[in-house]
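Please read the structure below before turning to the comments.
The values are calculated or read from the model by the stated rules, or taken from the named source; none is laboratory data. Computed from a predicted model, the values in this text were never measured in an experiment. As a convention, Cβ positions derive from the backbone with ideal geometry for all residues, glycine included, and neighbour counts pool all protein chains shown.
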There are 2 protein chains.
Amino acid sequence: MTKAPSVNHVEVCFSPADYALYESGFDLVVVIDVLRATSAICTALQNGVERIKPVATVEEARLWQAKGYIAAAERNGAIVDGFDMGNSPVAFNSKSQQLKGQTVVLTTTNGTKAIDIASNKRTVVIGALNNLDALSSWLLKQDENVLILGSGWKDKFNLEDTICAGAIADRLLGSGKFIADEDSTIAAKFIYRSARDNMFAYLKASSHRRRLRKLNLNEDVKYCLTPNNVSTIPILKNGYLVPLDEDPAANQ
Amino acid sequence: MTKAPSVNHVEVCFSPADYALYESGFDLVVVIDVLRATSAICTALQNGVERIKPVATVEEARLWQAKGYIAAAERNGAIVDGFDMGNSPVAFNSKSQQLKGQTVVLTTTNGTKAIDIASNKRTVVIGALNNLDALSSWLLKQDENVLILGSGWKDKFNLEDTICAGAIADRLLGSGKFIADEDSTIAAKFIYRSARDNMFAYLKASSHRRRLRKLNLNEDVKYCLTPNNVSTIPILKNGYLVPLDEDPAANQ
């Protein structure tokens with residue numbers, strides 16, 4: 001006899017600061033940092049980076065760098081002094097030959113902090129607009145409650161992570177296999193639906209896009225706001241982000 | 001010579017849990033708890049209640065009650081045992097004759113907690129959809145940065161306070177006298193604009209409306225979602241909420 005399919009919850013938590021209010025009852029967390037950490041992580045693993053070691057601080061990244069690892073570090077939108085890379089997915093694309101098969105150590109302002117906070121859960125996967133459909137399809141097969149955690153900006157709500165969280169929630173809720181109880185989830189879904197037809201214009205006023213525009217990172221922003229240009233779902237395994245193997249046996 | 005008008009900030013903070021992230025730079029805070037504390041406060045003062053003493057705990061409310069004050073206490077949507085009133089604006093309306101000229105002590109699950117947190121500021125005023133236009137017009141005359149604080153639900157984001165905050169922000173931003181930097185403010189404005197033509201339907205799925213429906217409080221919900229049925233702007237003075245006197249000299 002097959003198990004009757006159960007109805008699970010999908011909920012959205014806007015920022016790491018709110019995580020303690022939302023995490024109860026979830027064993028699976030999706031971490032999102034559209035601009036730009038999780039977009040870069042999806043892109044790097046899609047391009048053949050073997051694994052990414054997310055670390056919370058620049059100091060940790062320097063220690064790994066000193067041991068000979070390739071390290072990438074971003075703070076406030078810029079590459080940290082002493083590192084060759086930050087969290088630009090466009091840069092991860094252009095360096096894909098040299099990064100193939102490598103371990104990359106990564107620290108960013110918000111995204112790696114959110115991954116660190118979520119690592120108390122059994123399953124942590126990485127979401128972005130870039131892997132939206134691949135991730136949503138996989139989540140629909142899991143028969144688990146799903147908490148979507150936006151990385152925010154220094155613990156504050158941000159618009160682009162909420163749009164992406166709303167896009168995932170919309171797909172899961174639309175299947176009839178998921179329900180949502182939290183107003184944050186309902187709001188994220190509404191915001192996504194208002195934004196989806198022209199995300200670039202919708203985010204015109206967003207604080208982080210303004211921040212990146214000042215740094216001449218419009219090419220990165222365009223890339224990060226492009227849905228479904230990669231199919232990789234990064235998953236946290238023993239402290240490293242690796243491409244999820246869709247064979248369930250391989251993910252035990 | 002008259003002072004050149006300056007451009008001020010209007011920003012939205014979704015919940016008391018986020019207040020510390022947003023409060024810097026603001027001397028004026030608008031506290032919102034649409035369902036139902038701030039709607040009840042506006043209604044009570046409009047109807048002739050002389051002043052409202054907001055207190056954070058049920059214990060404090062009991063102490064005031066023991067001294068002979070009329071006290072109202074709500075927790076989780078229901079009137080607390082031992083009190084005659086909770087935070088129903090419809091009840092404040094129906095008891096308006098007996099409450100005229102009285103001091104009422106009030107404690108609620110979220111709203112009075114938010115007022116308590118905001119009381120570190122020079123000016124605290126009370127907002128609801130019920131006094132939307134009166135409050136917005138007054139704010140437009142203040143030449144001050146305005147922080148709009150939603151009371152949320154037990155520190156979580158809620159939809160109805162965000163809609164009301166977005167309505168106020170939309171009016172202030174539309175004047176050209178205010179700007180917004182935070183993504184929370186942009187999101188609140190977008191949510192209000194999606195919701196404004198049918199707020200009742202928009203909030204159908206909201207967690208708090210479901211909570212109140214179970215308690216048969218749909219009449220209260222309809223009242224609270226009706227814009228501009230009162231013109232009173234409650235303001236905190238020496239620990240009491242009183243109707244704001246529009247004569248600036250009276251508010252020194």
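Pairing residues of the range B:13-40 that are within 24 Å of B:Val230 (Cβ to Cβ) and modelled with pLDDT of 95 or more with residues that are polar (S, T, N, Q) and surrounded by fewer than 21 Cβ atoms within 10 Å (Cβ to Cβ), at Cβ distances under 7 Å and at least 6 apart in sequence or on separate chains, gives B:Leu28/B:Thr123; B:Leu28/B:Gln142; B:Leu28/B:Asn145.
Residues that are over 25 Å from A:Val29 (Cα atoms) and at pLDDT below 90 within the range A:207-252 comprise A:Ser207, A:Arg209, A:Arg210, A:Arg211, A:Leu212, A:Arg213, A:Lys214, A:Leu215, A:Asn216, A:Leu217, A:Asn218, listed in sequence order. Do we have A:Asp181 as touching a strand residue (DSSP E or B) at 6+ places or on another chain (Cβ under 9 Å), modelled with pLDDT under 95 and of a type in the set (D, E, K, R) here? In short, yes. Here is the figure for the range A:135-164: residues that are among the aliphatic types (A, V, I, L, M), in contact with a Leu (Cβ under 8 Å, 6 or more places away or on another chain) and farther than 12 Å from A:His9 by Cα total 2.
Name the residues in the range B:174-189 that are surrounded by fewer than 24 Cβ atoms within 10 Å (Cβ to Cβ) and hydroxyl-bearing (Ser, Thr, Tyr), would you? Within the range B:174-189, B:Ser175 is the sole residue that qualifies. Identify the residue in the range B:41-63 that is out of contact with any Leu (no Cβ under 8 Å at 6 or more places or on another chain) and in contact (Cβ under 8 Å) with a residue 40 or more places away in the chain and, among all such residues, is nearest to B:Asp116 (Cα to Cα). The extreme case among them is B:Ala56. In the condition set (1) in contact with a Phe, Trp or Tyr (Cβ under 6 Å, 6 or more places away or on another chain); (2) modelled with pLDDT of 95 or more; (3) part of a helix (DSSP H, G or I), A:Leu147 is compliant with all but (3). The number of residues in the range A:144-156 being of a type outside the set (Ser, Thr, Tyr), within 15 Å of the chain's Cα centre (by Cα) and away from chain B (no Cβ under 12 Å) comes to 4.
Is it the case that B:Lys100 is in contact with a strand residue (DSSP E or B) (Cβ under 8 Å, 6 or more places away or on another chain), more than 27 Å from B:Asp183 (Cβ to Cβ) and at pLDDT 95 or above? Here the answer is no, as B:Lys100 does not meet what is asked. Among the residues of the range B:166-184, is there at least one that is small (Gly, Ala, Ser) and either touching a Pro at 6+ places or on another chain (Cβ under 8 Å) or closer than 23 Å to A:Tyr19 by Cα (or both)? Checking the range B:166-184: at least one residue is small (Gly, Ala, Ser) and either touching a Pro at 6+ places or on another chain (Cβ under 8 Å) or closer than 23 Å to A:Tyr19 by Cα (or both). Listed by first and then second residue, the pairs with beta-carbon distance under 6 Å, at least 6 apart or on different chains, first residue in the range B:202-213 and farther than 14 Å from A:Ala187 by Cβ and more than 9 Å from chain A (Cβ to nearest Cβ), second outside any helix (DSSP H, G or I) and not acidic (Asp, Glu), are B:Arg211/B:Gly77; B:Leu212/B:Gly77. Among the residues of the range B:157-194, the one identified as assigned to a helix (DSSP H, G or I), facing chain A (nearest Cβ under 9 Å) and touching an Asp or Glu at 6+ places or on another chain (Cβ under 6 Å) is B:Leu159.
Taking the range A:122-137 as the range and being touching a residue at least 40 places away in the same chain (Cβ under 8 Å) and surrounded by fewer than 17 Cβ atoms within 10 Å (Cβ to Cβ) as the test, the residues that pass are A:Arg122, A:Asp133. Residue by residue through the range A:72-100, note down the ones that are in contact (Cβ under 8 Å) with a residue 12 or more places away in the chain, part of a loop (DSSP other than H, G, I, E, B) and crowded, with 16+ Cβ neighbours inside 10 Å. Those that are in contact (Cβ under 8 Å) with a residue 12 or more places away in the chain, part of a loop (DSSP other than H, G, I, E, B) and crowded, with 16+ Cβ neighbours inside 10 Å: A:Gly77, A:Val80, A:Phe83, A:Gly86, A:Asn87, A:Ser88.
What helices (runs of 4 or more DSSP H), lying completely within the range A:1-66, carry at least 1 residues that are more than 14 Å from chain B (Cβ to nearest Cβ) and closer than 19 Å to A:Ile168 by Cβ?
Those helices (runs of 4 or more DSSP H) span A:37-46.
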